[in-house]
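Q: Pasting a structure below so you can have a look.
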Amino acid sequence: MDIGGTFTDAVLIEESTGKTINLKVPSSRSAPWKPVLEVIDRLAGEHGVQPHEITYFVHGTTLATNTLIERNGARTGLLVTRGFRDLMELGRVRMDDLLDFAIEAQLPLVSRNDVVEIDERILADGTVDIPLKPAQVRDAGRALVDDGAEALAVCFLHSYRYPAHEQAAGAELRMDLEDFYVAVSSEIWPELSEYERGIVAVIEAYVGKRMAAYFRDLTAGLRDKGVTANMLVTRSNGGVMTAETAASSAAETLLSGPASGVVGASYSGHVAGVAKIVAFDMGGTSAEVSVIDGDPVLSNESRVGGFPAVMPAVDVDSVGAGGGSIAWIDAGGVLKVGPRSAGSEPGPVCLGRGGTEVTVTDAYVELGIIDPDRFLGGELKLRRDLSHVALEALGARLGVSAVDAADAIVQVATTNMYAGLVPLAAKKGIELADFAMLPYGGAGPTHACMLAEETGIRRVVVPPAPGTLCALGALTTDIKTHYVRSVYDKLEDVRREDMVEAVRTMETEARAWLSGQNLETTGVEVQSSADIRYVGQGFYLNVPWPAGDGPADLTALQEAFHQRHERLFRYSDPASPIEILAVRLQIVGTIARPPAPARPLAREHHDRVQRTRKVYSKGEYLDASVHAREDLRPGELLPGPCVVEQYDTTTYVTAAYEATVDDAFNLVITEKGSK
């Protein structure tokens, strides 16, 4: 399952036959676990699948991300080393947009009044300069709680390498404040850079209490329904963990939902025989992309809600609005789209749930792209009359008709995505024309051709069930975790035996963690790497340890760094000294993949109803053929403009493209005349 801001998606696959059931139900902001239980009820009532028959249950969620973005997490108190009270206020003093003169400073998650300095200090070489006073820690914790703090975080200087004081403080707080949520930075992610390490601890405390309650309520609800399978949760790094682990590792779920989608896109790309993919996820609240060249890429530079999240995460970048993003007019009379979203409560105007602000989905309906009578296979009837009235009002302010206002909304949304995707491609050093776009999410296939046309992407591959691909991705995700040990020494000063011991210790911890998940695996893979740079550089490269002697072979590591630097930047300097900032380890417990979803037989051509409708695009009405996705068979050619409807999404093929169906029932869309 994938619990998004607008819909909760579910995919159930019968292992013996590959029979697949896809469901979408509206998400609930107030009780995010309830749609999951609704899915369980629908599977039993509509499809005859009893709860006890479910043998494997995994889900992704955006709850932690939304909590952070909406700033409605726990009031958090922070304990820091004396002299570092302004750690959260100062941050990195970087501007997100150097050309924006009206940019506002990011408000910290922790108020300065909720930060307490502790008289302790361990120096960079491990020397204890000021011993920790346990009584002072207990008094500070009690004072913060008495003042209203709902969770606590601890971040002391140099704890990435010497965590004794931090861990002792955490133990004192947990003993003194039983059942209180306490996050300790060195336990979560012991990496150099006190602000990044501190903000991860603060985020853990800020969202942890809510996430722990969510997992508790969801697990209890599933057990009451009769689901006996272990509940698993997808992680930001593209792996899974048990709900029990996730309840105490909330920060690792920040990109849980998007990571599931990227894993699903990679899986679908392999099935389609496409290795170079721009995964395009357009849901209800936003649009994200991930560049995949073979396998999903991890990043330590993700930002969530404006804050850095340095823990390994699938590399995903936001590029624009989602289907529920609100269209509005700024003070200068310019039409804007997003970032605010109508969500599922009240949702777009056309849902008829009291929404009054026009969204991208309302524009799709007005333009004729989405049939209001066939949304979610007809389960949810949309109100075109309501969205038309709202678009008329918006259009009046712009001096245009309702349909032209809708067209403008779609064009603005596309332009925003273009402005995000093209610079991103340049940053990653790729040519978009060499990649295929794989759209998913409820609105991904609807908008994909419009974005591809603007960016020069020649090929779009729409998988069989794109609207629930994030849920499918959760089913294809392995068990995975990462460890890091900071080093920060010149290579010439690093001892081989220290590297061997660091990697051995992390591997021991990793294998113990994997064993503790109590999940069946088909294999285990361990990979180690190091963060390296030339002395004086402001950035580093992560270099996998070469095969052979592994961590014992520093010479091979040095050569691998120079080669990687040469490959990425077209130069290297073997004569310059290099330094190792950290060593990393990843362990992957592979799981058995579910069978490929079975495809129902399509109806014969003579049994199909031939349909067309008018679609408005760039100032003119076009005659578009309309097709049911379940009727399409391999080899069929669909010239654009056309619309392909299915339960979980609508695919819009613009006039510049044509679509064919491949042997795996993917919809392969290419520029006309490109073959």
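The values are calculated or read from the model by the stated rules, or taken from the named source; none is laboratory data. Bear in mind the structure is a predicted one, so any value in this text is a computation, not a measurement. Methodologically, a virtual Cβ is constructed for each residue, glycine included, from the backbone with ideal geometry; neighbour enumeration extends over all protein chains shown.
Q: Would you check which residues across segment 535-558 are modelled with pLDDT of 90 or more, more than 34 Å from the chain's Cα centre (by Cα) and more than 16 Å from residue 498 (Cα to Cα) and list them?
A: 556
Q: Out of everything in segment 641-661 that is touching a Cys at 6+ places or on another chain (Cβ under 9 Å) and in a strand (DSSP E or B), what residue ends up being nearest to residue 7 (Cα to Cα)?
A: The residue in question is 651.
Q: Taking the options 268, 260, 248, 290, name whichever one is surrounded by 24 or more Cβ atoms within 10 Å (Cβ to Cβ) and closer than 26 Å to residue 34 by Cβ.
A: Answer to the check: 260.
Residue-by-condition table, conditions (1) out of contact with any Pro (no Cβ under 7 Å at 6 or more places or on another chain); (2) under 30 Å from residue 445 (Cβ atoms):
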{"residue": "175", "(1), (2)": "yes, no"}
{"residue": "183", "(1), (2)": "yes, no"}
{"residue": "193", "(1), (2)": "yes, no"}
{"residue": "227", "(1), (2)": "no, no"}
{"residue": "245", "(1), (2)": "yes, no"}
{"residue": "258", "(1), (2)": "yes, yes"}
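Q: I've got another one for you. Would you point out the residue of segment 330-354, among those that are crowded, with 24+ Cβ neighbours inside 10 Å and at pLDDT 90 or above, that is nearest to residue 614 (Cα to Cα)?
A: In this case the residue turns out to be 350.
Q: Right, another one. Would you check which residues across segment 376-388 are in contact (Cβ under 8 Å) with a residue 24 or more places away in the chain, in a helix (DSSP H, G or I) and surrounded by 15 or more Cβ atoms within 10 Å (Cβ to Cβ) and list them?
A: 376, 384, 386, 387, listed by residue number.
Q: Next question. Do any strands (runs of 3 or more DSSP E) entirely within segment 292-351 hold 3 or more residues that are closer than 22 Å to residue 249 by Cα, and if so, which?
A: Ranges flagged: 302-304, 307-309.
Q: Another question about this same structure. Does residue 208 satisfy the condition of being out of contact with any Pro (no Cβ under 8 Å at 6 or more places or on another chain) and crowded, with 24+ Cβ neighbours inside 10 Å?
A: yes
Q: Condition first: of a type outside the set (A, V, I, L, M), surrounded by fewer than 17 Cβ atoms within 10 Å (Cβ to Cβ), part of a helix (DSSP H, G or I) and touching a residue at least 12 places away in the same chain (Cβ under 8 Å). Can you find one or more residues in segment 421-443 that meet it?
A: yes
Q: Here's something else I'd like to know. Is it the case that residue 124 is assigned to a loop (DSSP other than H, G, I, E, B), touching a Phe, Trp or Tyr at 6+ places or on another chain (Cβ under 8 Å) and in contact (Cβ under 8 Å) with a residue 24 or more places away in the chain?
A: Answer is no for this residue.
Q: A further question follows. Of the residues that make up segment 238-247, is at least one over 30 Å from residue 182 (Cβ atoms) and modelled with pLDDT under 90?
A: no
Q: Additional query: Give segment 1-25 a look and list any residue that's hydrophobic (A, V, I, L, M, F, W, C) and part of a strand (DSSP E or B), or say none.
A: 3, 7, 10, 11, 12, 13, 21, 23, 25 - these are the residues of segment 1-25 that are hydrophobic (A, V, I, L, M, F, W, C) and part of a strand (DSSP E or B).
Q: Out of segment 514-554, which residues are of a type in the set (A, V, I, L, M) and outside any loop (DSSP other than H, G, I, E, B)?
A: Listed by number, the residues that qualify are 514, 524, 526, 530, 532, 541, 543, 552, 554.
Q: So if I check each of 624, 664, which one is of a type in the set (A, V, I, L, M), in a loop (DSSP other than H, G, I, E, B) and surrounded by 16 or more Cβ atoms within 10 Å (Cβ to Cβ)?
A: Only one candidate passes the filter, namely 664.
Q: Among the candidates 290, 249, single out the residue that is among the hydroxyl-bearing types (Ser, Thr, Tyr) and closer than 21 Å to residue 435 by Cβ.
A: 290
Q: If residue 491 passes every condition in (1) without any contact (Cβ under 8 Å) to a residue 60 or more places away in the chain; (2) of a type outside the set (Asp, Glu); (3) touching a strand residue (DSSP E or B) at 6+ places or on another chain (Cβ under 7 Å) but one, which one does it miss?
A: Status for residue 491: all satisfied but (1).
Q: Kindly indicate the residue of segment 272-291 that is assigned to a loop (DSSP other than H, G, I, E, B) and of a type outside the set (Gly, Ala, Ser) and also nearest to residue 472 (Cα to Cα) among those meeting that condition.
A: Checked segment 272-291; the qualifying residue nearest to residue 472 (Cα to Cα) is 274.
Q: Could you give every pair whose Cβ atoms fall below 6 Å, whose first residue belongs to segment 340-364 and is basic (Lys, Arg), and whose second residue is assigned to a strand (DSSP E or B), counting only separations of at least 6 or pairs across chains?
A: Final answer for the pair search is 340/326.
Q: Residue 131 - would you say it is within 24 Å of residue 580 (Cα to Cα) and surrounded by fewer than 24 Cβ atoms within 10 Å (Cβ to Cβ)?
A: For residue 131, the condition - within 24 Å of residue 580 (Cα to Cα) and surrounded by fewer than 24 Cβ atoms within 10 Å (Cβ to Cβ) - is not met.
Q: Consider residue 327 against the criteria (1) surrounded by 20 or more Cβ atoms within 10 Å (Cβ to Cβ); (2) of a type outside the set (Val, Ile, Thr); (3) within 22 Å of residue 64 (Cα to Cα): it satisfies all of them except one. Which criterion is unmet?
A: Failing condition for residue 327: (3).
Q: So, one more: Please specify each residue of segment 253-271 satisfying the condition of being touching a Ser or Thr at 6+ places or on another chain (Cβ under 6 Å), farther than 14 Å from residue 282 by Cα and in a helix (DSSP H, G or I).
A: 256, 263, 267
Q: Separate question: Do you know which residues across segment 10-60 are β-branched (Val, Ile, Thr) and more than 24 Å from residue 593 (Cα to Cα)?
A: Within segment 10-60, 25 is the sole residue that qualifies.
Q: Same structure, new question: Name every residue in segment 614-640 that is polar (S, T, N, Q) and in contact (Cβ under 8 Å) with a residue 40 or more places away in the chain, in order of residue number.
A: Passing the criteria: only 617.
Q: Could you tell me which residue of segment 394-412 is surrounded by the fewest Cβ atoms within 10 Å (Cβ to Cβ), considering only residues that are farther than 15 Å from residue 369 by Cβ and in contact with a strand residue (DSSP E or B) (Cβ under 6 Å, 6 or more places away or on another chain)?
A: Residue satisfying both the conditions and the ranking: 397.
Q: Let me ask something else about it. Of all residues in segment 271-287, which are surrounded by 24 or more Cβ atoms within 10 Å (Cβ to Cβ), within 23 Å of residue 665 (Cα to Cα) and not hydrophobic (A, V, I, L, M, F, W, C)?
A: Within segment 271-287, 281, 283 qualify.
Q: Taking the conditions exactly as written (farther than 27 Å from residue 310 by Cα and among the charged types (D, E, K, R)), does residue 138 satisfy them or not?
A: Yes: the conditions hold for residue 138.
Q: Please tell me if residue 178 is in contact with a helix residue (DSSP H, G or I) (Cβ under 9 Å, 6 or more places away or on another chain), at negative phi and of a type in the set (Asp, Glu).
A: The answer is no for residue 178.
Q: Give the residue, chosen from 140, 205, 212, 169, that is in a helix (DSSP H, G or I), hydrophobic (A, V, I, L, M, F, W, C) and without any contact (Cβ under 8 Å) to a residue 60 or more places away in the chain.
A: From the options 140, 205, 212, 169, the qualifying one is 212.
Q: Further, regarding this structure: Only one of these conditions is not met by residue 464: (1) under 30 Å from residue 663 (Cβ atoms); (2) out of contact with any Phe, Trp or Tyr (no Cβ under 6 Å at 6 or more places or on another chain). Which number is it?
A: Among (1) under 30 Å from residue 663 (Cβ atoms); (2) out of contact with any Phe, Trp or Tyr (no Cβ under 6 Å at 6 or more places or on another chain), the lone unmet condition for residue 464 is (2).
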